[in-house]
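Here the structure is laid out as structure tokens; the discussion comes afterwards.
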Amino acid sequence: MITSIFLIPILFIISSVFLGFSDNFYHLYENLLLEYSLNSIYLVAGVSLLVTILGVSTAWLVTFFNFYGKRFFQWALILPLAVPPYLLAYVFTEFFDFSGTANNILRNLFTTQSDVIFFPNIRTIIGAIIVFGFTLYPYVYMVSRVAFMNIPASVIEASSLLGKNSISTFFGLSIPLIRPAIIAGVALVAMETLADFGAVQHFAIPTFTTGIFRTWTGLYDLNTALQLSTMLLLVIFIFLSVERASRSKIRYVNSVTTSNSYKPIQLMRFKSAAAFFVCLIPVFIGFFLPVLELINWSSQVDTLVSTKIFLAASNTLYISLSAAVLTCFIALLINFVVRTFGISQLLNDLLSLGYAVPGLILAVGITKMFTSVDAWLINYGTFITGSILGLILAYIIKSYAISNIVLNSALNSIPIALDESAQTLGASKLKLLRDIHIPILKTGLLTAFLLVIAELIKELPATLILRPFNFDTLSVSVYLLASEERMFEAAFPGLVIIFFGLIPIYFLNKLILSNNK
Amino acid sequence: MKEFLKVKNINLSFDSKEILKGLNLIIDEGNFVAITGASGSGKTSLLRVICGLESPSQGEIILDNSLLFSRDISVPTEKRNIGLVIQEKVLFPHLSAIQNIEFGISSKKDKQNLSGEIMERLNITQLAEMYPHELSGGESQRVALARSVVMRPKLLMLDEPFTGLDKDLKQKIYPEIKSILRASKITALMVTHDLNEVKALADKCFNLESGQLTEL
């Protein structure tokens, strides 16, 4: 039953293509679809190139060299993951604006004229590529770092013995060896970029997601919005397949390698400083710049926590906590059933697909599903569209994969012999779950819970559409305040979102370090 | 003596490889039977079939006149009242020794009486509050044994339970186990490849080869 609830919204979206095409669709097809497609292609291509350069180069430096600040950068390079792209977009817009901090600093340094502009308009596709690039490169950094660490020391040493220097070894050997990891990381970034709504909306770039939103809320044409969603979904699933196929190759490469005891090369003076700056730039632009600017904006607001923000924060906590508890409970239950009754892991894979569905599309699918249910419920004088249920369902579908990854690996670390012992001691399935699995999985459950909360707190598109009337969350407040150009007021809730986003960073860092050991 | 465990014409295959072929075994009440055999001969599989962790493709298992398995019936493991002690560390890591021993007992009164009694007899009272990671190999095995025996199983099965223990400790444990099983009138079936263990503990011994048992 849970599988059907997870899949029905997606089936509703896909079924829209069989319901005929309206005039709005033909209008979009003739006038806007090409623009949406080209913008999306430019965006994905530019972001992919930028994240590859940033992610692979920094991972290579911190894996194979010792330089000033390396210990800090090893974990700090993941920090930008805590910053949702829409927040960096808001900061960039203000920071590089005519009267923004960047232009003011340079004007004070180089000229007395107040009308000189040092930075071009940032609200362009290039600006969006920079925003996505600097917030999403950690995906490529993480997979590349783990893959670099798994290259056997003997392979790198053999390359040196054959007369290759570090640069030749990097391009001729290391990059080809970790290519599947890079492709997997870039595919994830491409999916995130295509699924984003907040940043492209703020930069006013017509893409598929903004098109879907406008078609629905502007033209009030849900079916055409669903048809556009189907097209985007198709592209997302292509990237998902690429990511999965590459991931299986990473496993293969890892399984044949031995432990890595490669001794990093010590970089001196100029080279050490160069490595330091190469690593500093992405961390500074992707994390410290937005955080400092948001702190700066917050300090200029008289009332930091207004009643509205306090309400939004409590709504965020309430909805995220409820959804996180439910998600972890469902993931625990399904993993337990899969383990105990020998059901195929395919069920878990199927349920985990939800993370790849953009929040906006999921929201459209859930609305369609709920309106259909309401058509039947109306006889009983009730309806569920616009209730908190839709938002909770969207959150569960979006975050199931995260809790599943954590709980599945935690559960797999419990020897099956323990289950069998409990059975021979007369324990029922319920007792096995309650008295053995749950106590042992305590840490895993807490980890999954925190990771889900961190993910949900920054979620914007699904929340924006599915939230009940007069129910704002932190991300929605930031979005609404930013869309009214009230950036200073948006700063504090933005900082809270970043603070919660640091939780998964902590766990990811621990994961990479344990892999290193 | 009463025929207590009857295993009749059992067949078991994994991926088209036949492990047990029409295997038959009868154990009298209160007896201690040992099974030896080469690695991979199916000794552990036989124990897993008897306690219901594996399902054979054919055959019958009867314990104390109750049908546990046939073509139409398969009693779930947790309802067979068969204890199993294996070589692996299978104490629940989050429970202390005494909590492990009391795990299968449902009544509160029984918990205190039975666990105290068995711990005293196995000389492990001092380990009660310790957790599995604080116990040595021998201590863990004795707690695991106590956990199974305290349930007063109709049949206790031991799968190479003493592997990894040093010789002196084994010599100390053998008589303890024998006396406890005798006193509790528990029928036991042990799988081992150590003939010293067979001599010290078993009333009867079988060899498992080509999926069938022959008495030694």
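Computed from backbone phi with θ = phi - 60° and the Karplus coefficients 6.51, -1.76 and 1.60, the 3J(HN,Hα) list for the stretch B:30-43 is x, 7, 10, 10, 10, 10, 10, x, 5, 4, x, 7, x, 4 Hz; x is used for glycine and proline. Each listed q (0.08 Å⁻¹) maps to a log10 I(q)/I(0) for the stretch B:3-215 from the Debye sum over equal C-alpha point scatterers, namely -0.27. With neighbour counts taken as other beta-carbon atoms within 10 Å, the residues A:V305, B:V150, B:V198 rank, fewest first, as A:V305, B:V198, B:V150.
Between B:Q212 and B:K21, the built amide H atoms are under 5 Å apart, and every one of these is 5 or more places off in sequence or on another chain.
In this structure the amide hydrogen of B:M157, modeled in the peptide plane, comes within under 5 Å of the amide hydrogens of B:G83, B:L84, B:V85, B:L189, none closer than 5 places in sequence on its chain. To the nearest ten degrees, helix B:108-121 and the longest principal axis of the Cα atoms of chain B are 90 degrees apart. For chain B, the longest principal axis of the alpha carbon atoms and the long axis of helix B:167-184 meet at an angle near 80°.
Applying 0.36 nm per residue to the separation of A:S483 and A:L446 and subtracting their alpha-carbon distance, the gain on full extension is 9.8 nm. Remark: the stretch B:68-78, residue by residue, has Karplus-estimated 3J(HN,Hα) of 9, 8, 8, 4, 9, 10, 9, 6, x, 3, 5 Hz, where x stands for each Gly or Pro and the curve is 6.51 cos²θ - 1.76 cosθ + 1.60 at θ = phi - 60°. Going from the residue with the fewest nearby Cβ atoms within 10 Å to the one with the most, A:V301, A:V143 rank A:V301, A:V143.
Only bridges with both residues in the stretch B:3-215 count here: give the DSSP antiparallel percent, nearest 5.
Details: 21 of 39 bridges.
Given both bridge residues lie in the stretch B:3-215, the antiparallel proportion sits at roughly 55 percent.
For chain A, what is the convex hull volume of its Cα atoms per residue in Å³? Each step should come with its number before you reach the end.
Working: hull volume 92.3 nm³, N = 517.
Convex hull volume per residue, Cα atoms: 179 Å³.
Computed from label points 7 Å out along Cα-Cβ, the spacing between B:K2 and A:F72 is 7.9 nm.
Please quote Rg/Rh for the stretch A:1-125 to two decimal places, taking the Kirkwood radius as Rh and restricting both calculations to Cα atoms. Working shown, then result.
Details: Rg = 22.8 Å, Rh = 20.0 Å.
My calculation puts Rg/Rh at 1.14.
When Rg and the Kirkwood Rh are both derived from Cα coordinates, the Rg/Rh ratio for the stretch B:150-216 amounts to 0.97. In the protein assembly as shown, helical runs assigned H by DSSP with n ≥ 4 each contribute -39500 (n - 2.57); averaged across all residues and rounded to the nearest 500, the mean residue ellipticity at 222 nm is -19500 deg cm²/dmol. Taking each residue as 0.36 nm, the span from A:F65 to A:S168 lengthens on full extension beyond its C-alpha to C-alpha distance by 35.6 nm.
With R₀ set to 30 Å, the beta-carbon distance separating A:L346 from A:W376 gives a calculated FRET efficiency near 0.45. Projecting the Cα atoms of A:L19, A:H202, A:F73 onto the dipole axis of chain A, where Lys and Arg carry +1 and Asp and Glu carry -1 at the beta carbon, places A:F73 farthest toward the positive end. For B:N31, the residues 5 or more places off, or on other chains, whose built amide H falls under 5 Å of its own are B:A188. What percentages make up the Cα-Cα pair-distance distribution of the stretch A:32-299 when the bins are 10 Å wide from 0? Final binned percentages: 7, 25, 29, 23, 12, 4, 0.
Please report, ordered by residue number, every helix of chain A (full DSSP H runs) that is 18 Å or longer along its axis going by C-alpha atoms and whose mean Kyte-Doolittle hydropathy reaches 1.6.
Correct list, ordered by number: A:2-15, A:125-149, A:175-195, A:442-457.
Distance between the 7 Å Cα→Cβ label points at A:S15 and A:L389: 1.7 nm.
On the beta carbon distance between B:E29 and A:K308, with R0 = 60 Å, the FRET formula returns roughly 0.15.
Working from label points 7 Å from Cα in the Cα-to-Cβ sense, the B:Q112 to A:L7 distance is 5.5 nm. Between B:E88 and A:V116, how high is the FRET efficiency from 1/(1 + (r/R0)^6) when r is the Cβ-Cβ distance and R₀ = 51 Å? Nearest 0.05. The formula returns an efficiency of 0.10 here.
Each reported figure results from applying straightforward, stated rules to the coordinates on display, with no laboratory input. Predicted model, so just to flag it, every value in this text is computed and none were measured. Quick reminder, even Gly has a Cβ in these numbers, built from the backbone with ideal geometry, and neighbours come from all protein chains shown.
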